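For reference, the structure is listed below as structure tokens.
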Amino acid sequence: MDFTTKDFLQLLKVSASVALLSTASISSHAQWLGQDYATYGVPQVNYAANSFLNFSVLNNASEEAAAETSTIAPRTGKSTVAADLAARYTGADRAQLTKVFTDSLANFEQVTNRLGLPNDDVASALAAFLVGNYIAMHGTSLPPDEEFVALTAHLRTALASSPQFVESTPAQKRQAYEQLAMMGMFMTTARLALAQTPNPKAETHFRNHAKANLEQLLNRPADTLEIKGGQVSLH
């Protein structure tokens, strides 16, 4: 691949600088701390959210159910999620990529704090995952803050409507929260980097990765997902 480690590291430096300077979008605190990610294989991840997320949940949310069910997933012990995600990438420096995912979660939580969203909320993590992969797949920009907040509220209602989510253990919910938040921020900052320093070869890789991420989670073709005006739907 013509897109070398040196090229990508330079792209990442630009991304980090822009992210630190920006305060107007969800990526305001994000830093891309990876390496030559464009050369890694697309990972196969067993998302914990697969057990409670489906077409019906996203399209038929119940406000009544949302009022009775919390989507907060407090820490339940020492986490291995970052390392587990890093291990899914062939050809990667696992220690460095583990740090990337760990930092991605910390950056995500800075963003949710800035937006006034609850800590440890599976709904906001799911919103980050869907948005990050959606904009990476379509090559589009991040939605306004108010649309992300609205999307989180919509997904909170959707999750609370899922009997499988309600019945999930605290550990399963926490695993889902960390996986979704880490991968969502990971893809968001990758998209930010490519928006600032375009590279067609890397863009193709990221779009394929985003498409695979969405399809692994939703068990449907990624192009059936639509995010618009703070709402999400599957067609």
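Here are a few things to note about the model shown:
- Low-density loop cleavage sites - trypsin sites (Lys or Arg not before Pro) in region 164-211, where at most 14 other Cβ are within 10 Å (DSSP): none
- A crude spin-label estimate for the pair Val166 and Arg220, with each label 7 Å from Cα along the Cβ direction, gives 2.2 nm.
- The listed residues Ile72, Ile135, once ranked by accessible area (1.4 Å probe) with the largest placed first, stand as Ile72, Ile135.
- Under Karplus coefficients 6.51, -1.76 and 1.60, residue-wise ³J(HN,Hα) of region 217-230 in Hz, glycine/proline x: 7, 8, 6, 8, x, 4, 6, 8, 8, 10, 10, 7, x, x
- Here the simple spin-label model places points 7 Å from the Cα toward Cβ, and for Arg94 and Glu146 these points are separated by 4.7 nm.
- Each residue of region 192-203 was assigned a 3J(HN,Hα) from its phi angle through the Karplus expression (A = 6.51, B = -1.76, C = 1.60, θ = phi - 60°), giving 4, 4, 6, 5, 7, 9, x, 8, x, 5, 5, 4 Hz with x at Gly and Pro.
- Of the listed residues His209, His138, His235, the order by accessible area with a 1.4 Å probe, largest first, is His235, His138, His209.
- Under a 5 Å amide H cut-off, with hydrogens placed 1.01 Å from N, Leu115 pairs with nothing among residues at least 5 apart or on other chains.
- Projected-area average for region 182-225 over all orientations - Cα convex hull basis, square nanometres: 3.1 nm²
- Relative contact order [Cα under 8 Å, 6+ residues apart], region 154-235, whole percent: 21 percent
- Segment Arg75-Gln196, length gained on full extension (0.36 nm per residue, minus Cα span): 40.1 nm
The values are calculated or read from the model by the stated rules, or taken from the named source; none is laboratory data. What you are looking at is a predicted structure, and each value in this text was computed from that prediction instead of being measured. Don't worry about glycine lacking a Cβ; one is built from the backbone with ideal geometry, like all the others, and counts go over all protein chains shown. Only protein heavy atoms, including side chains, enter the accessible area calculation; ligands, DNA and RNA are left aside. Shrake-Rupley method; radii C 1.70, N 1.55, O 1.52, S 1.80 Å.
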